[in-house]
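Comments concern the structure below.
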Amino acid sequence: MASKKRKIEEVEDADESPPKKKTLKVDDHKSMEANGVAHVEIDEGLYSRQLYVLGHDAMRQMATCNVLISGVGGLGVEVAKNVILSGVRSVTLHDQDVCAYSDLSSQFYLAESDIGKNRAQACARKLAELNDYVQTSFYDGPLTIEYLKKFQVVVLTCSTQEEQLRVSDLAHASGIALIVADTKGLFGQIFCDFGENFKVVDQTGENPVSAMIASISQDTEGIVTCIDDSRHGLEDGDYVTFSEVQGMEELNGCPPRKIKVLGPYTLSIGDTTKYSKYIRGGVISQVKMPKILNFLPMRKSLLSPEYLITDFAKMDNLATTHLAFATLHHYKAKKQCLPKPWNE
Amino acid sequence: MAKEKAASVNIMDNDINEEVLRKFSYMVSGDTCPMNAVIGGIVAQEVLKASSGKFTPIFQWLYFDAVECLPAVRNPEAENYEMNESRYDSQIALFGKQFQEKLGDLKYFIVGAGAIGCELLKNFAMMGVGAGSGSVTVTDMDLIEKSNLNRQFLFRPWDVQQPKSTVAAKAVKAMNPKINVVAHENRVGTETEKVYNDAFFENLDGVANALDNVDARIYMDRRCVYYRKPLLESGTLGTKGNTQVVVPHITESYSSSQDPPEKSIPICTLKNFPYAIEHTLQWARDTFEGVFRQAASNAAQYLTEPAFMERILKLPGCQPVETLESVKRALVDDFPTGFEDCIKWARNQWEDHYNNQIRQLLFNFPPDQITTSGQPFWSGPKRCPVPLTFDIKNPLHIDYIVAAANLKAEVYGIVQNRNRDFITDVVSKVEVPPFTPKCGIKIAVTDAEAQSASGNVDHDRLQYLQKLLPSPSQLKDLVIKPLEFEKDDDNNFHMDFIVAASNLRAENYKIPIADRHKSKLIAGKIIPAIATTTSVVSGLVCLELIKLAQGHRNLDVYKNGFVNLALPFFGFSEPLPAPRQRFYDFEWTLWDRFEVKGEMTLQEFIDHFKNEYKLEITMLSQGVCMLYSFFMPPAKRNERMQL
């Protein structure tokens, strides 16, 4: 594909004059896999402040990513808004439900005039306007395996548990990342499954730390001491490399070494007995290492969930909340409707 | 039913909290925008993580709830929660019709219509805040820029250059036509206190900050404490965000705790001993200020302000001499008559900064210098520099000349020339005067040394300069334009200059150079920002608003939030209570004040406190005016007592 154009299926063009589009060169998804690198120009004028958060590499990856958001109620539209603003390749809005009054208290791109219309179709144009670089479209058919395979990331917000499990199994097997999310009143739930062998390239987004060296001992547990004003700021298990060291020059530009923190100014870097004696100078710098995660598919994870705690004061309620959401699916499946508000 | 399900998901009976389960079951058809904003923001960040591998994903379940938003005592009437074809149906199912009306009657002030402001306005419109007999006033003095569009989602490319507040107000009115929103373009501060006066504030139910700087936050906090209004405060920095709620009479205020001040770079590090790119960037920035703004400004004032000389001569210390030297350089020594002169000037600047001054430094402190304690002088944070030799084949050197020459030209109203080849040709022919390092030049090694070096005022020099300067009338056709640093305009040479100046100095000191993107971040003091974090904090803040509207007085109901979507990390804590102090039997906090009614003389005022509270006033002031103090001379005191 030589150029990216705004594609909105079956939606009238905006009445306002469309803004100037910048053409991007985007490699086809398949060839990107082959090359490993996407040749995308990131619009620095638009993305300036976000680039400083994510970096060029991450944004280039995002620009090749096709996202499916299923369920465009209040939660779905918030997700869609943020994802479209960020600059992925495409966002497809999926919904088989029509707009009702119950949507309007949080779906800000639906209005009374949209009641009865398919939710995804009714708000697609407004969402598309948020970012010319993203192809926004809608779809109201079933989520078959062939359809799902067009996407790298799938978000479900309004699906039954049965559907969640079905999609989860398919996604996990096909290397598609899945996020399931829901809000019920004042309770919110998020589940993530990015598959097996998911590589986290930058765990924290912090700048790698560095410090000036005062001395390095020759020892089986060689100790690096940093100069007075210069705490190393490293943590146990971090990886480091060196530069400008005089004497023990073997360390300069060495492959990343794992460290053990001994104090705020000292740390151990393993065996230095075979190196030349340290004379002076040098800088120790952190090397950020990738991390591999292996996610469980939903079916398994439901039974032995690993939680991220959001409020330590409510830690003990996690199991209950987990149960509550699960029970609700069960209730819906059995009774075909939701409990009435505040119904004992 | 939950118990049956429990077995199938491996949860033990005694792990179940029935209270929580019950609350959940009551609210399953409820839906409120701020919850979706919080969860939606987090989920979107997870989507970006999945697509890029940047940041650590949620592994694997996250639960969040805001049950504290429920009222302390629930209205049990079922019909209060019935849906009846209103846009607020789902929220009514959660909080009831009465509460929905309460939200509609609220009068709120949103300060700022940027990223957080847009999100707040959207949340308010969906929640129905100010959509009944209430109103929302939003103010922002800024115009929309392209880089805003990436997260200030109410704005579109065709809105660029329009005022933020009016466009935002219009956009949310389209979302909910019933919301009463008034848009202002005022900057909050002492100058706008006629607009945001007693009547305005007393009428409010609360204020939500959507600001991008601490000073404005402190100002709004002061106003809210004075008028005793709740304040919703939030901020973001990349993936990090925080929220704070200030409840009158109950919590501490925003200003009750302060972040430690940012460490500034020591002067000697900047001047002679940089060891990080941040130092060379600050140096470049300071050079820009000094040469293209300050010096130009002095010269411009000399030419246009009749009272300039008089004013300058009154300044303390060496300032008069320094200022006049700067004017002399601008109008005599370095005065360009055409663009070629600008190039020549740039070449000489280059030589001075990247060669001569370095050589002088090395003359004072040679590379093998040893300190009194026997250690090498150039070690640790003191990196030994090397002088650079100008080379027309070095693109970085030419970058500097192109930028500096064009900036100089702009200051003097000379037509600019962007032709690199032309500039390279001219600069190759410039001959710079030879330089030999001099003895007796004092270079301070530590900031303490620099402070103690006194400047003797040289009166002879002062008179000499005054005589030498051409009179303003002689230069009456000259217009000198000081330049204000603008980081986002890629065509103005500002960033070009900063990058070149900084990287050249980095080469002197063998510090790894920074590309334009990184240089702009540091020199431009840019705050990284992304829509996801903004969405989350704005949602959290609106949940606190709901608690305020419910009338909660218990500290433990409120939550100050801290998030970092990258790790990911979420933490909540109770706001700190307002510190209690006492005098005699009387307990008071920052929310209390003495109210004295009626007109009275100063003597009567002082007596009032002595009699009513057994307090002796030692000092009384209004604003910056001292009305009374116990150490006042008796004559003055007696005079004032009768007023």
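Laboratory data are not the source of any read-out in this text; all were calculated from the coordinates shown. What you see is a predicted model; the values in this text were computed from it and never measured. Neighbour counts are summed over all protein chains in view; Cβ atoms, including those assigned to glycine, are modelled from backbone coordinates with ideal geometry.
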**Asked** What is the order of B:Phe155, B:Phe570, B:Phe200, B:Phe594, fewest Cβ neighbours within 10 Å to most?
**Response** B:Phe594, B:Phe200, B:Phe570, B:Phe155
**Message:** With the crude spin-label approximation of a point 7 Å out along Cα→Cβ, what separation in nm comes out for B:Glu310 versus B:Phe335?
**Reply:** 2.5 nm
**Item:** Furthest towards positive pole of dipole, B:Cys224, B:Val427, B:Ala174, structure part the protein assembly as shown, Cβ charges
**Value:** B:Val427
**Request:** Using Cα centres only, tell me the gap between the range A:136-176 and the range B:381-431 in whole Å.
**Result:** 58 Å
**Item:** Potential extension, B:Asp259-B:Val479 segment - 0.36 nm per residue separation minus Cα distance
**Value:** 74.8 nm
**Prompt:** If you project the alpha carbons of chain B onto their three principal axes, what span does each projection cover, largest first, in Å?
**Reply:** 93, 78, 59
**Asked** To the nearest 0.05, how large is the calculated FRET efficiency for A:Ser243 and B:Val596 if R₀ is 51 Å and r is the Cβ-Cβ distance?
**Response** 0.15
**Asked** In the range B:445-548, which trypsin sites (Lys or Arg not before Pro) are in a loop and have at most 10 other Cβ atoms within 10 Å, using DSSP for the loop call?
**Response** B:Lys476, B:Lys525
**Fill in**
Summing -39500 (n - 2.57) over every DSSP H run of at least 4 in chain B, dividing by its residue total and rounding to the nearest 500, the 222 nm mean residue ellipticity is -12500 deg cm²/dmol
**Prompt:** Taking chain A, how much of its Cα-Cα pair set, in percent, is spaced more than 32 angstrom apart?
**Reply:** 48 percent
**Prompt:** Per 5 Å bin, what percent of the C-alpha pairs of the range B:304-443 does each bin hold, from zero upward?
**Reply:** 2, 8, 14, 15, 14, 13, 13, 11, 7, 3, 1, 0
**Prompt:** Per-residue ellipticity at 222 nm for chain A, helices alone: DSSP H runs ≥ 4 residues times -39500 (n - 2.57), over residue total, nearest 500 deg cm²/dmol?
**Reply:** -7500 deg cm²/dmol
**Message:** Test of understanding: extend the Cα→C-beta vector of B:Ile526 to 7 Å, then name every residue of the range A:59-82 with backbone N under 19 Å from that spot.
**Reply:** A:59-63
**Rough spin-label spacing in nm, given labels placed 7 Å along Cα→Cβ, for B:Trp588 and B:Thr436** = 7.4 nm
**Request:** Would you mind ranking A:Val53, B:Val445, A:Val200 so that the residue whose beta carbon has the fewest other beta carbons within 10 Å leads the list?
**Result:** B:Val445, A:Val200, A:Val53
**Request:** With only Lys, Arg, Asp and Glu charged, each at its Cβ (+1 for the first two, -1 for the last two), find how big the charge dipole of the protein assembly as shown is about the Cα centre; round to the nearest 20 debye.
**Result:** 920 debye
**Request:** Multiply the residue gap between B:Glu449 and B:Glu616 by 0.36 nm, knock off their C-alpha separation, and tell me the result in nm, one decimal place.
**Result:** 55.4 nm
**Fill in**
The exposure ranking of B:Asp515, B:Asp607, fewest beta-carbon neighbours within 10 Å first, is B:Asp515, B:Asp607
**Item:** Dipole magnitude of the range B:242-369, debye to nearest 20 (Cβ charges: Lys/Arg +1, Asp/Glu -1, about Cα centre)
**Value:** 120 debye
**Residue mean of other protein chain beta carbons inside 10 Å, B:532-540** = 2
**Message:** Suppose a student asked you for the relative contact order of the range B:594-641, using Cα pairs under 8 Å spaced at least 6 residues apart; what percent would you report?
**Reply:** 27 percent
**Prompt:** Which FRET efficiency, nearest 0.05, do B:Trp158 and B:Arg580 yield, Cβ-Cβ r, R0 51 Å?
**Reply:** 0.40
**Prompt:** What is the average number of partner chain Cβ atoms found within 10 Å of a Cβ in A:69-80?
**Reply:** 5
**Message:** For chain A, take the longest principal axis of its alpha carbons; what is the angle in degrees between that and the long axis of helix A:161-174, to the nearest 10 within 0 to 90?
**Reply:** 50 degrees
**Item:** Assigned charges on the beta-carbon of Lys, Arg, Asp, Glu; chain A dipole about Cα centre (debye)
**Value:** 400 debye
**Asked** Are any of the pairs A:Lys184/B:Lys170; A:Lys300/A:Lys332; A:Lys199/A:Lys274 more than 32 Å apart by Cα-Cα distance, and if so, which?
**Response** A:Lys199/A:Lys274
**Request:** Check the straight Cα-Cα distances from B:Lys173 and name the aspartates and glutamates below 14 Å, setting aside those fewer than 8 residues away within the same chain.
**Result:** A:Glu112, B:Glu119
**Request:** Compute the length gained on full extension between B:Lys178 and B:Asn84: take 0.36 nm times their separation in residues and subtract their Cα-Cα distance, giving the result in nm to one decimal.
**Result:** 32.1 nm
**Prompt:** Suppose R0 equals 35 Å; then what is the FRET efficiency for A:Ser215 and B:Val624 from their Cβ-Cβ distance, rounded to the nearest 0.05?
**Reply:** 0.05
**Pair B:His459, B:Glu639: separation of 7 Å Cα→Cβ label points (nm)** = 3.6 nm
**Prompt:** Can you give the alpha-carbon Rg of the range B:594-641 over 2.2 N^0.38 Å, where N counts its residues?
**Reply:** 1.14
**Label zone at B:Asp489 (point 7 Å along Cα-to-Cβ), backbone N below 17 Å, the range B:505-527** = B:524
**Request:** Name the residue farthest towards the positive end of the dipole of chain B from the options B:Val247, B:Leu548, B:Pro261, assuming +1 on Cβ of Lys and Arg, -1 on Cβ of Asp and Glu, about the Cα centre.
**Result:** B:Pro261
**Message:** What does the structure give for A:292-303 when I average, per residue, the other chain Cβ atoms found within 10 Å of the residue Cβ?
**Reply:** 2
**Prompt:** If you project the alpha carbons of the protein assembly as shown onto their three principal axes, what span does each projection cover, largest first, in Å?
**Reply:** 96, 88, 65
